[in-house]
1. Could you pull out every one of the aspartates and glutamates with an alpha carbon less than 20 Å from that of Lys140, ignoring same-chain neighbours closer than 8 positions?
2. How would you classify the stretch 1-65 from its alpha-carbon gyration tensor, with a ≥ b ≥ c the square roots of the eigenvalues: rounded for a/c under 1.5, else prolate if a/b is greater than b/c, otherwise oblate?
3. Let me have the relative contact order for the chain, percent, based on Cα pairs under 8 Å that are six or more residues apart.
4. Have a look at Tyr19, Ser51, Gln38 and report the one farthest towards the positive end of the charge dipole of the stretch 1-65, computed about the Cα centre with Cβ charges (Lys/Arg +1, Asp/Glu -1).
5. Just to confirm the filter: which chymotrypsin sites (Phe, Trp or Tyr not before Pro) across the stretch 2-100 are DSSP coil and have at most 11 other Cβ within 10 angstrom of their Cβ?
6. Does the stretch 68-128 come out rounded, prolate or oblate by the C-alpha gyration tensor, with a ≥ b ≥ c the root eigenvalues, rounded set by a/c under 1.5 and, if not, prolate when a/b is larger than b/c and oblate if not?
7. When the chain is modelled as a GNM with alpha-carbon springs shorter than 10 Å, which of Ala109, Ala124, Ala29 fluctuates the most?
8. With log10 I(q)/I(0) by the Debye sum over Cα atoms at q = 0.09, 0.15, 0.18 Å⁻¹ in mind, check (i) -0.31, -0.77, -1.04; (ii) -0.41, -0.77, -0.97; (iii) -0.35, -0.84, -1.06 and report the label derived from this structure.
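Any read-out appearing in this document is the output of simple, stated calculations on the displayed coordinates, not a laboratory observation. All values reported here derive from a predicted model rather than from experimental measurement. Backbone-built Cβ (ideal geometry, glycine too); neighbour counts: all protein chains shown.
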Amino acid sequence: MNQREEVMRAWRAYSQHAYHSPQLEKARAFFEMVEQRQDICWEDLVNEFRSHYSDALDEITSVLINTDDPLVMYNFVRHADQDNPKEAEAVKAFIRRSDAERHQVSLHAAAQVAQFQPELKKKAKLPDTVRQALGMKTAKEPAASKK
């Protein structure tokens, strides 16, 4: 399915039960912009978010994570500002609750960032591609023999 459709579906579900706050209204404006701007790419969307909507980060990242869409999550991880503590924490939250098999491409991307590696190493059942990116033994590697 189209990433925009997945995001908007997740927004509608989230906003039905969310606490009404200034941040929710800012998130609503962000998602209205996403829906209206059919031409916007991820790079431009990230710039727009950081320029005008970053105070609704928690609401917006919750919606993106709730899509559970591998491509949406890959773009989310790829564009996260690891130097921004709130954005970095959002990626760590995604790592903790993600299905490692379903989101192995996103987790592999996160493994390229030193700050996310400790969180990834805590995650059970990482796919071999992610384990390799972290410098860990894969399931296919034989254990070191004891002599």
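1. Glu101, Asp128
2. It is oblate, given that a/c is not under 1.5 and a/b is not larger than b/c.
3. 19
4. The residue sitting farthest along the positive end of the dipole is Tyr19.
5. On the way: sites: Trp11, Tyr14, Tyr19, Phe30, Phe31, Trp42, Phe49, Tyr53, Tyr74, Phe76, Phe94; in loops: Tyr19.
Those that pass, being in a loop and sparsely packed, are Tyr19.
6. Taking the square roots of the gyration eigenvalues as a ≥ b ≥ c, the stretch 68-128 is oblate.
7. Highest fluctuation of the listed residues: Ala124.
8. Label of the calculated value: (i).
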